[in-house]
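For reference, the structure discussed in these notes is given below.
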Amino acid sequence: MRAVLLAHPAGHSLSPVLQNAAFEAAGLDVTYEAWDVPPERLAATVAALRDDRSVLGANVTVPHKRTVMATLDGLDPDARAIGAVNVLRRTEAGLVGGNSDGAGFLRSLAEAGLDPAGRSVLLVGAGGAARAVGWSLAARGVASLSVANRTFETAEDLVAAWRQSFPKLRPRAVPTDELGEAVAVSDVVVNATSVGMERGGVDPDESPLPASAWAGGPDRWAVDLVYRPRVPRFLRDADAAGLRTIGGLGMLLHQGAVAFEAWTGRPAPVAEMRAALHAALAGDPPDALRDRPSERDRP
Ligand code: NAP
């Protein structure tokens, strides 16, 4: 059997490392392959997957997470609400699209000891990852949810959609001149922008927030979706100000675990998947916060 990733380009993904380790650890004869699928080939590729019973399931990533929805036979309710699909699974009704990013994000928080229910959250960024993360935070029962984004209108569009799904929460878009205050009143600040991500193997030493925006306090958290570098500038600044920190590797791991479970109906071999990810990233710079309490406290 095979499982596949539909991406364009497909070269940089860690999903083959993650999923091949999972299938091997589970003793399943499944090989995970990354396929480079340009947008004009997406519909034909999904049609071929539907007919090919040797394919157990698939992941979908940039740039296909939204456009793939129109090619499927059904959508999970959360994927429909989020407006993006990253997992395809085979059912009697055909190929059904799900979204494991939000669930993977929440699992990564839980693993680090953070339950966002009842907390005030500031989400920085309003792209594809922010859609899944924000929706999952709202569904988990945060006390408040604010979104700041370089392009303010995109944040407004996002919260307008969430207001319909979560009318009591009243999520809001934060104008740039109110960003400092929004950071100060939030228990949890999440970087869901691509700022800070490694370029050409180099840490750009950039954050979407100025270092001066951070102020410590008991039980305050900074969460970054970026996982290369392991500790981006956003987390370094937050750590220096006394916040607890969570990097993006846990979300990457757990979205893969949720996908594995959707395809196989078995619990994912998380320890082996984590080890494979760490081995693949072993050449990256050391994790400067490895010994911080938020990492040590992991249950
Ligand atoms: P995306 O859809 O392209 O969205 C990018 C976001 O970053 C937008 O909000 C964009 O703002 C903002 N942005 C980009 N450059 C900026 C800059 N110079 N200054 C301020 N804001 C900027 O990307 P995505 O798919 O949401 O991914 C976002 C990040 O999450 C990436 O680093 C990705 O690797 C990471 N991610 C991690 C995981 C994981 O498992 N850990 C999963 C998914 C994504 P505008 O709207 O103004 O353009």
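Read the figures in this text as sums done on the coordinates, not as results from a lab. Fair warning: this is a prediction, and the values are worked out from it, not measured in the lab. Using ideal geometry, Cβ is built from the backbone for each residue, glycine included, and neighbour counts are taken over all protein chains shown.
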key: Packing-based exposure ordering (other Cβ within 10 Å, fewest first) of Asp157, Asp224, Asp51   = Asp51, Asp157, Asp224
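Given an 8 Å cut-off on Cα distances and at least 6 residues of separation, report the relative contact order of the chain as a percent. Mind showing how you got there, number by number?
On the way: 586 pairs, mean separation 51.1, N = 299.
Dividing the mean separation by the residue count of the chain yields 17 percent.
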inquiry  = Through the Karplus equation 6.51 cos²θ - 1.76 cosθ + 1.60, θ set to phi - 60°, convert the phi angles of region 166-174 into ³J(HN,Hα) values in whole Hz; use x for Gly and Pro.
reply    = 10, x, 6, 6, 6, x, 9, 8, 9
key: Highest average packing first - 85-91, 204-210, 39-45, Cβ atoms within 10 Å   = 85-91, 204-210, 39-45
query = Counting only residues 5 or more places away or on other chains, whose amide H sits under 5 Å from the amide H of Thr31 once H atoms are built in the peptide plane?
reply = Arg2, Ala3
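Per 0.36 nm of contour for each residue apart, how much would the distance between Glu206 and His8 grow if the chain were fully extended, relative to their Cα-Cα spacing?
Details: separation 198, 0.36 × 198 = 71.28 nm, distance 2.58 nm.
Residue separation times 0.36 nm, minus the Cα-Cα distance, leaves 68.7 nm.
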ask   = What is the dipole size for region 186-229, taken about its Cα centre, with +1 at each Lys and Arg Cβ and -1 at each Asp and Glu Cβ, in debye to the nearest 20?
value = 60
request  = Place +1 on the Cβ of every Lys and Arg and -1 on the Cβ of every Asp and Glu in the chain, take the dipole about the Cα centre, and give the residue among Val60, Ser15, Gly200 whose Cα lies farthest towards its positive end.
outcome  = Val60
task = Starting from the Cα gyration tensor of region 117-262, take the square roots of the eigenvalues, sort them a ≥ b ≥ c, and report rounded, prolate or oblate (rounded when a/c is under 1.5, otherwise prolate if a/b is larger than b/c, else oblate).
result = rounded
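Could you list Phe166, Phe152, Phe260 so that the one with the fewest beta carbons within 10 Å of its beta carbon is first and the one with the most is last?
Fewest-to-most Cβ neighbours within 10 Å comes out as Phe152, Phe166, Phe260.
Which value, in debye to the nearest 20, gives the size of the charge dipole of region 54-109 about its Cα centre, when Lys and Arg are +1 and Asp and Glu are -1 at the Cβ?
Numbers: 6 positive and 5 negative charges, 26 e Å.
The calculation lands at about 120 debye.
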task = Show the residues, 5+ positions off or on another chain, whose built amide H is closer than 5 Å to the amide H of Leu145.
result = Val121, Arg172
note = Farthest towards the positive end of the dipole of the chain, among Ala44, Ala143, Ala280 and with Cβ unit charges of +1 on Lys and Arg and -1 on Asp and Glu, lies the Cα of Ala143
task = With θ set to phi - 60°, apply the Karplus curve 6.51 cos²θ - 1.76 cosθ + 1.60 along region 16-27 and write out the HN-Hα couplings as whole Hz, x wherever there is a Gly or Pro.
result = x, 4, 5, 7, 5, 5, 5, 5, 5, 5, 7, x
task = Note down the magnitude of the dipole of the chain about its Cα centre, charges +1 on Lys and Arg C-beta and -1 on Asp and Glu C-beta and zero elsewhere, to the nearest 20 debye.
result = 460
query = How large is ³J(HN,Hα) for each residue in region 130-142, as worked out from phi by the Karplus curve 6.51 cos²θ - 1.76 cosθ + 1.60 (θ = phi - 60°), to whole Hz, x for Gly and Pro?
reply = 5, 4, 6, 5, x, 5, 5, 5, 4, 5, 6, x, 5
remark   = Checking Val226, Val183, Val202 against a Gaussian network model of the chain (alpha-carbon springs below 10 Å), the top fluctuating residue turns out to be Val202
remark   = FRET efficiency (Glu24, Thr67; Cβ distance; R0 45 Å; to 0.05) is 0.90
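If r is the Cβ-Cβ distance from Ala47 to Arg80 and R0 is 22 Å, what FRET efficiency results, to the nearest 0.05? Could the numbers behind the result be given before it?
Working: r = 21 Å, r/R0 = 0.96.
Given R0 = 22 Å and the Cβ-Cβ separation, E is 0.55.
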